[in-house]
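The structure under discussion appears below in the form of structure tokens.
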Amino acid sequence: MKIVFLDRASLGDASLKPIEALGELVCYDTTSPEACVARIADAEVIITNKVRIFRPEMEAAPHLKLICIAATGMNNVDLEAARERGIEVKNVAGYSTESVVQTTFAHLLTLVGRLPYFDQRVKSGEYSQGSLFTDMGRSFWELNGKRMGIIGLGTIGRRVAELSEAFGMEVVYYATSGRPHDDHFRAVSLEELLSTSDVVSIHAPLNERTAGLIAAKELQQMRPSAILLNAGRGGIVDEAALAEALNRGEIAGAGLDVYCQEPLPATSPLLRIKEPERISLTPHTAWASAEARARLVAGIAENIKSIK
């Protein structure tokens, strides 16, 4: 069985031994649209993370039995074309939950605790030169007793909710589907969530209901002391509006792992915040802990075994 991995670099240093054991594995670090057809011509299995596989690519791969998506989202594959040709399409769900949740709280605790400021005070030598045993240059607040508002209470959102409760936070959520579905946590309108939450954390997919969901109007509804987190999808938040809100002090801070365009353009207003410590940024790595990538590889291998 010939297995072609079109963007192997997307998994970093994760071992592919579980997949290698299943057939002839050919890997390409990245694949351009122009190179895709030639690379999959004799493949029985394609593995792709972000490389698009649509009707023309499928037609160019007559032996293709299975498209393995090295992710959860399936928007990079033409599912209708695959059905017409009898090609199975399998993703891997749930592998990154703990990794994303951990990164979400890493952003939150960095912002709430003013860690970049205090870290720099020590490393710069300013703390050593002071006369007080503690630095009072910034105030920080506790999560206990505050409200966490979660946009999208799926598997990841619910795990964030559970850990928020462990911190002593009250949790509410907004159902982006329009259908509340949890008996433990209280569903509220988007306006109520934004206007009453101390932290707003986004864990929703990008679709027609969530694209541009948080723009200038919604940011203005938030508390000046509030923090916005987005580990869902970049297109949910208007990045220019967010930069303006941070610069004007309409919200206190933001932590982002996802962006409208990835990699984030060097011209992005998010990189020009007047007070950089108000924003915490990671390069779409929340999903990618070593353990999560190992689970993903194992999931891909199981999907391939299903057609043998």
List pairs: first residue in segment 137-166 and acidic (Asp, Glu), second residue buried (at least 19 other Cβ atoms within 10 Å of the Cβ) anywhere in the structure, Cβ distance under 7 angstrom, at least six positions apart or on different chains.
Glu165/Val171
If Val200 satisfies all but one of (1) within 25 Å of Arg233 (Cβ to Cβ); (2) out of contact with any strand residue (DSSP E or B) (no Cβ under 6 Å at 6 or more places or on another chain); (3) surrounded by 15 or more Cβ atoms within 10 Å (Cβ to Cβ), what's the number of the condition it fails?
(2)
Go through segment 75-100 and report how many residues are within 23 Å of Arg158 (Cα to Cα), part of a loop (DSSP other than H, G, I, E, B) and either open to solvent by less than 30 Å² (accessible area, probe 1.4 Å) or in contact with a Cys (Cβ under 9 Å, 6 or more places away or on another chain) (or both).
4
Could you please tell me which pairs satisfy a Cβ distance under 9 Å, a separation of 6+ or placement on different chains, a first residue in segment 6-34 that is more than 19 Å from His284 (Cβ to Cβ) and without any contact (Cβ under 8 Å) to a residue 40 or more places away in the chain, and a second residue that is open to solvent by 80 Å² or more (accessible area, probe 1.4 Å) and not polar (S, T, N, Q)?
Pro33/Arg52
Output yes when any residue across segment 259-267 is part of a helix (DSSP H, G or I) and free of Cβ contacts under 8 Å to residues at least 12 places away in the same chain, and no when none is.
no
Filter segment 235-258 down to residues that are part of a loop (DSSP other than H, G, I, E, B) and among the charged types (D, E, K, R) and give me whichever is surrounded by the most Cβ atoms within 10 Å (Cβ to Cβ).
Asp257
Just name the residue that is nearest to Ala231 (Cα to Cα) out of those in segment 280-308 that are outside any loop (DSSP other than H, G, I, E, B) and without any contact (Cβ under 8 Å) to a residue 60 or more places away in the chain.
Leu281
Name the residue that is surrounded by the fewest Cβ atoms within 10 Å (Cβ to Cβ), counting only residues in segment 135-176 that are closer than 22 Å to Arg278 by Cβ, of a type in the set (A, V, I, L, M, F, W, C) and out of contact with any Ser or Thr (no Cβ under 6 Å at 6 or more places or on another chain).
Met136
Selected residue (only one of Val51, Val77 is in contact with a Pro (Cβ under 9 Å, 6 or more places away or on another chain), among the aliphatic types (A, V, I, L, M) and at pLDDT 95 or above):
Val51
Only one of these conditions is not met by Glu291: (1) under 25 Å from Phe140 (Cβ atoms); (2) surrounded by fewer than 18 Cβ atoms within 10 Å (Cβ to Cβ). Which number is it?
(1)
Residues in segment 101-149 that are over 20 Å from Ser201 (Cβ atoms), of a type in the set (Val, Ile, Thr) and outside any loop (DSSP other than H, G, I, E, B): how many?
1
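The values are calculated or read from the model by the stated rules, or taken from the named source; none is laboratory data. Everything numeric here is computed off the predicted structure, so don't read it as measured data. A quick note on method: Cβ atoms are made from the backbone with ideal geometry, for glycine too, and the neighbour counts reach across all protein chains shown. Keep in mind that these areas ignore ligands, DNA and RNA; they rest on the heavy atoms of the full protein, side chains included. Shrake-Rupley method; radii C 1.70, N 1.55, O 1.52, S 1.80 Å.
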